[in-house]
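Trainee: Take this structure, written in structure tokens, and hold onto it; I'll ask about it next.
None of the figures in this text is laboratory data; all of them are computed from the coordinates on show. Quick caveat: nothing in here was measured; it's all calculated off a predicted structure. Neighbour counts run over all protein chains shown; Cβ positions are idealised from the backbone, glycine included.
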Amino acid sequence: MVRQSKYTLLIICEGKNTEPYLFNSIRDRILEGKYLTNENIEVHIRPEVEEVDDVESKNVEYRPKRNPRTLLPGNRPIEKDIPGVPPLKWVIAAQEELSDGTFNEVWVVFDNDDHPARKEAFQKAQEIIGGKQVRIAYSSIAFEYYLLLHFEREYHAFQKSECRKGKVQVNCSTDDNHADDCLGEKCVGGYARRQGYWKETKGKISLFPMIENKLETGFRNAAWLRHQSNIQAGNIPFYDRNPYVTTDAIIKRLTGYQDQYFEFIPFDKDFDVQGNLLICFRKDLTVEIINTGKNTLIVPAGSITKTLFENGAQQQIGSSAIIKPGERINMVFAVSDKDIQTAEFCFNYHNYHLILSI
């Protein structure tokens, strides 16, 4: 086998359109130098997007670029389908790619879809292969749920990505007024069309331009969704919950946000930042900061962000502070309980974004 000079990353997708076309757009941005500029990286996608002339989109902004793709030396041809039981079969295929050394990093992207071997897939992915593990980007009930989180916080147990009559997609929330229209109650697509977010996700188009300027919103809302899931369904394994997503992890990885952490924390619960700080939102409307490390730390001015629910307007709060080991300080983050009901508060320290959950 020929070793590669570039760091090689493979993404194995369950879907044949939505996910591959979206990742193809991110790969194009990487090649253009927008993301991962400090990495000598080569991204491969399985299945690769088809080379087509007729793009099923009226909005040319969503048209994916068509870069020629070649196989890595020693790499197996891309199979039309990986045999076995999903999603376990995709994890096993990913482990084979890690084992033979062709790829340095492998991700598997799949939905719930009532697959029979979800638990086994996550257990299998914990195995160490040559010092590495297969990474999983998971969404319930559909990849489109993660896309939805770029537009709003929605905690709803959708049943499918699109409603169908037999094998025919019925396109809920359109002007067709058909009897099977769920109006967005059962399917993510119907809900998105009802809200005016998008019209179609199943064609050979890339939806990345639709969310590219909303990436941080998607990361923040994915963290919010997991927080809500832990509250409402914490006794259920995460791979059986609906809704639930970890899809933001692979988007962070590919766009250079992998070291950014978004966490929702309730009142009076300490959050440990890398063993150096304890952060806690107190009910007296202050943020308590304790230096638990061995070095003096500087908290910069404006470390608390207040975001109004009504219009998204932001305000930076808090003066700079120097905290010696063992010391604690308190910063006022709100002026009244009413203030808390009208805005979201986030304490920012380096790459940690700690958001008050009430």
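Trainee: Ranking 22, 183, 354 by Cβ neighbours within 10 Å, fewest first, what do you get?
Mentor: By the 10 Å Cβ count, ascending, the order reads 183, 354, 22.
Trainee: Sticking with this one: Could you rank the peptides 142-152, 228-238 by their average count of other C-beta atoms within 10 Å per residue, with the highest value first?
Mentor: 142-152, 228-238
Trainee: Given a Förster radius of 30 Å and the C-beta distance between residue 278 and residue 120 as r, what FRET efficiency does 1/(1 + (r/R0)^6) yield to the nearest 0.05?
Mentor: The pair residue 278/residue 120 has a calculated efficiency of 0.20.
Trainee: Still on this structure: Using only Cα atoms, tell me the angle between helix 18-31 and the longest principal axis of the chain; keep it within 0 to 90° and round to the nearest 10.
Mentor: Helix 18-31 sits at roughly 70 degrees to that axis.
Trainee: Just order 243-254, 6-17, 38-49 by mean Cβ neighbour count inside 10 Å, highest at the front, would you?
Mentor: 243-254, 6-17, 38-49
Trainee: To continue, here is another question. Sort 353, 156 by Cβ crowding within 10 Å, fewest neighbours at the top.
Mentor: Ranking 353, 156 by Cβ neighbours within 10 Å, fewest first, gives 156, 353.
Trainee: Would you mind computing the Rg to Rh ratio of segment 222-277 from its alpha-carbon coordinates, Kirkwood style for Rh?
Mentor: 1.02
Trainee: Moving on to the next point. Please arrange 90, 224 by how many other C-beta atoms lie within 10 Å of their C-beta, fewest to most.
Mentor: Final ranking by Cβ density, sparse to dense: 224, 90.
Trainee: On a 0 to 90 degree scale, rounded to 10, what angle separates helix 88-99 from the longest Cα axis of the chain?
Mentor: 90 degrees
Trainee: Still on this model: Between 345, 300, 271, whose Cα lies farthest towards the positive end of the dipole of segment 263-357 when Lys and Arg beta carbons carry +1 and Asp and Glu beta carbons carry -1, centred on the Cα centre?
Mentor: Farthest towards the positive pole: 300.
Trainee: Looking at (1) 20.3, 64; (2) 22.3, 67; (3) 23.1, 86, which value of Rg and Dmax of the Cα atoms in Å comes from a calculation on the structure shown?
Mentor: (2)
Trainee: Using only Cα atoms and rounding to the nearest 10 degrees, what angle (0 to 90) does helix 215-233 make with the longest principal axis of the chain?
Mentor: In the chain, helix 215-233 runs at an angle near 80 degrees to the longest axis.
Trainee: Sticking with this structure for a sec: Using a Förster radius of 45 Å, what is the FRET efficiency between residue 85 and residue 315 based on their Cβ-Cβ separation? Nearest 0.05, please.
Mentor: It comes to 0.30.
Trainee: Still on this structure, please answer the following. Just subtract the alpha-carbon distance of residue 16 and residue 31 from 0.36 nm times their residue separation and send over the number in nm, one decimal.
Mentor: Extending this stretch completely gives an extra 3.2 nm.
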